[in-house]
Each structure stands twice: as C-alpha cells, then as structure tokens.
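Structure, as structure tokens:
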Amino acid sequence: MTMRSRRTAPQRTRSQRGAALPSPVVMLSVIAVAMAGIAFVATRGGEPTEREVTTVARDTTPSQSPSASFSPTKDPKPQPPAVQRGKVYVEVYNNSGITGLAGTVSQRATGMGWKVVGADNWYGTIPATTVYYPAKLKPAAKQLALDLGIKRTAPAVDPMRLDRLTVILTAPLS
C-alpha cells in the first residue's frame, strides 16, 4: 500500500473588510433632517398676509380750551355702509383641544345677529384665533372680530369659501 500525500490548497484568510449598513435610527434621522430642510425652503418667502386688528380708545376730553375764533373744517368723508350682520354668512371652526368650542362661539355670534351657517373642527396649523375674509367682506370681518374680541383678521385662503367669513379658534375667547 502506498500512501499518497495529499496536497491541500493554501488556506485563504478571511477578509475583515465589509460594508456595515447604518442602523434604522441613523437612517430616520437623516431623512428627518432632509425633510426639515425641504420644509424650510418651501415655506420661506414673502411676508404673511395675516394682520392683527387692534381697538383704539379715543380720548373724549378736549385737548384745547374752546376759542372764540372759527376754524373751517373739511367736508367729512362719506361713511361706508354699516355691516348688516344678518346678511353675512359665518363658519366657525375649532382648532383647539377644547370640545364644543366652535358650537359655543357659534351661539355667541348668532346672539349678536351674525348668520352662522356651520361649525366644525379645523385640521391644520393656525398661529392664533383668526377671522378670515374674502376681499369684499373685509369690513364685516373687522366688525365680527371686534364683536367676538378676536385680534387677528386675514384674507381667506384655500380651502375656505369665498362667500363667507371663516372663524378659526385656537383658544377660548375672553
């Protein structure tokens, strides 16, 4: 019997190099940062169209003593027609976590003579309680804001209807 020597192939060493995939947390973080960057670029732009309505108290005391001389006054400006509350449609939306807020404010506005045609919840981000208006109803929006004690008015935006005022509440009215 003869023995044959077996020749073995040289052993290869295993390489320590390879590709390690990032963990899901790292991947989600990268995606979140990218989305935040896209949102920042998409939302920056011109000034916001929202305006703040403030009431001005008039001083009823005369600042000068009456004088004997007559000074002519200019013709008074024609006053815009008074807002007819019962002819203006109003929708009230709740954008707060307070249940029934839109219904409560709807009843309050109806009691003041406004024609409230709907109350519901609003889904979206609104910075503060606001009365939104189409261009032709701007005086009515200011009057409604004063009646309800709301400090902000702004032009209506999509998906708001352009034949009525839209009130979006973010907190209870005082």
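So here's what we get for this one:
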{"read-out": "Within the range 101-174, strands (runs of 3 or more DSSP E) holding 1 or more residues that are touching a residue at least 60 places away in the same chain (Cβ under 8 Å)", "value": "130-133, 152-155, 165-169"}
{"read-out": "Test: Gly100 is at pLDDT 90 or above, at positive phi and of a type outside the set (Lys, Arg)", "value": "yes"}
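The values are calculated or read from the model by the stated rules, or taken from the named source; none is laboratory data. Fair warning: this is a prediction, and the values are worked out from it, not measured in the lab. Note: ideal-geometry Cβ built from the backbone for every residue, glycine included; neighbour counts use all protein chains shown.
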